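Notes follow once the structure below has been shown.
Any read-out appearing in this document is the output of simple, stated calculations on the displayed coordinates, not a laboratory observation. Predicted model only: the values in this text are computed from it and were never measured.
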Amino acid sequence: GLAAETAAKNRTEATIAVIRTRLRELENALKNKDMTAFFRQNVRLSQAIYAASGSATLERLLSSIGKQALRYRYIAYSRAPEMMQVSVTANRDIADAIVQGHERHARVLTEDVIQRSWRVIRDVIGSDETA
């Protein structure tokens, strides 16, 4: 959330262009029903938002945390493919908020999709443990 908020505050034409490109690539992966490409593009879009924040420290911290969460992100997409559409819609809204400079809205949208994703991951993992 902080990265999206800061990206909206510090946005430049260059960072906006990268975010838009990454979003298009994510949408194309969904359109092609390529889950592996979708996963990679989703990670690349997140990294573009981290970079757009303009904070090397925040980018480094989030990238490190993100590496720990990659397996769970992949599980969510592979076992709950409807999350791919949720992700595209949420990322489109987040990108729009960043582009428009709506700092707080970008943060709230990001935190919301993280919470929604976490609930799906928790449910998927929980159902594995009870099976």
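Observations, loosely collected:
- For segment 65-70, Karplus couplings with θ = phi - 60° (6.51, -1.76, 1.60), whole Hz, Gly/Pro x: 5, x, 4, 5, 8, 4
- Full extension of the chain segment joining LEU58 with ASP93 gains 10.4 nm, where the gain is 0.36 nm per residue of separation less the Cα-Cα distance.
- The value of relative contact order for the chain, using C-alpha pairs under 8 Å at least six residues apart, is 39 percent.
- Overall form of segment 1-77 per C-alpha gyration tensor (a/c, 1.5; a/b vs b/c): oblate
- Each Cα pair of segment 33-88 feeds into the Kirkwood radius, which the Stokes-Einstein equation turns, at 25 °C and 0.890 mPa s, into a diffusion coefficient of 207 µm²/s.
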